[in-house]
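J.: Please read through the structure below; I'll follow up with questions.
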Amino acid sequence: VHPHVGDTLRTRLEQQTVMTAAAHDAGGKAKSVMTSVTLDSRTVAQSSLATSTLVLTIVDSVDIHTTDARGAAQVADTERRLRGQRFLLRLATDGSVESARDARGFPVSHEMAEAFAAMPAVFPRRAVRVGEQWTREMPLPAGGPLGARGSAQVRALFRLDSLGRHGNPDIAFVSMHGQILPDSADMGVELSGEISGAMRVDRRRGWLTDSHFVVLVRSLIHPPPASGLAPMLFVTKVTQRLHTVDKR
């Protein structure tokens, strides 16, 4: 991750989240809520060091829809708050956010910064050859408009599949798959899941140009025995696509 100073990268993020809840028994009736997010932003590389790059990310437009009628007001408020936001992010070469602040200079939460970095912290910390693999552990966002709900870690295995498709040796193709593990033993909650996806990286421009991820999280919640309530199973599926048009 090392874009050229002055480059402007226009990114579109499309994400669909489907959350299904049902009593964990044979007669449980499932209820689902779907939320979709489309976010267009610009990232401008402002300055560069050997190990990191300072970028300005500007949110140009946000479009959020949900099938939850009770969440309509919250969706409208989220759209208003995000539209026009400006973030100054310092990105390490592996894609991780080293620091983040808003246009007024106030610190931005790590979760918010990761959501708008348009660059997941997935790159290897060493040089790799085609066919080699590496492992990364990342937090699964605990909430927010761009994250799957849950408190967990993603342990993912990445592989550099190939270089130079379509006659361009500067393009790298990376695949990944992994497991979602709970942060700690939470009494009454069983959490599990998996993640898979693929990325395309422009090595010359030092930026991710396309990615597609699918995250599946299962949470089985056991109410206290005295409540008389049946356990509830929550299944959240997040499908995310990120596409960047690289422009100077």
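The values are calculated or read from the model by the stated rules, or taken from the named source; none is laboratory data. Remember, predicted model here, so these are calculated numbers, not experimental data. Neighbour counts run over all protein chains shown; Cβ positions are idealised from the backbone, glycine included. When the accessible area is computed, the model is the full protein with side chains, heavy atoms only, and any ligands, DNA or RNA have been set aside. Shrake-Rupley method; radii C 1.70, N 1.55, O 1.52, S 1.80 Å.
J.: Roughly to the nearest percent, how much of the accessible area of the chain is carbon and sulfur, given a 1.4 Å probe? Working shown, then result.
T.: On the way: 7190 of 13240 Å².
C and S fraction of accessible area: 54 percent.
J.: For the ranges 229-239, 67-77, what's the packing order if you count other beta-carbon atoms within 10 Å of each residue, average per peptide, and put the highest first? Let's see the in-between values first.
T.: On the way: 229-239: 16.7, 67-77: 11.5.
Top of the packing list down: 229-239, 67-77.
J.: Considering only protein heavy atoms, with the full assembly of protein chains and a 1.4 angstrom probe, order Glu190, Glu79 by accessible area, largest first. Mind dumping the intermediate values first?
T.: On the way: Glu190 100, Glu79 35 Å².
Descending order: Glu190, Glu79.
J.: Would you mind checking the radius of gyration and Dmax of the range 1-110 based on alpha-carbon positions, in Å?
T.: Looking at the range 1-110, its Cα Rg and Dmax stand at 18.4, 59 Å.
J.: How large is the translational diffusion coefficient of the chain in µm² per second when you combine the Kirkwood radius over alpha carbon pairs with Stokes-Einstein at 25 °C and 0.890 mPa s?
T.: Working: Rh = 19.4 Å.
This corresponds to a translational diffusion coefficient of 126 µm²/s.
J.: Spelling out what I want: for every residue of the range 194-211, take phi, set θ = phi - 60°, compute 6.51 cos²θ - 1.76 cosθ + 1.60 (Karplus), and round to whole Hz; glycine and proline get x.
T.: 8, 9, 8, x, 8, 9, 10, 10, 8, 5, 5, 8, x, 7, 6, 9, 7, 8
J.: In degrees from 0 to 90, rounded to the nearest 10, what is the angle of the helix 72-82 Cα long axis to the longest principal axis of the chain?
T.: Once rounded, one gets 20 degrees.
J.: How much accessible area per residue does the chain have, counting only protein heavy atoms and a probe of 1.4 Å, in square angstrom?
T.: On the way: 13240 Å² over 248 residues.
In whole numbers, the chain has 53 Å² accessible per residue.
J.: Turning to a different aspect of this structure: Find the relative contact order for the chain and round it to a whole percent, using C-alpha pairs within less than 8 Å whose residues are 6+ positions apart.
T.: Relative contact order, the chain: 20 percent.
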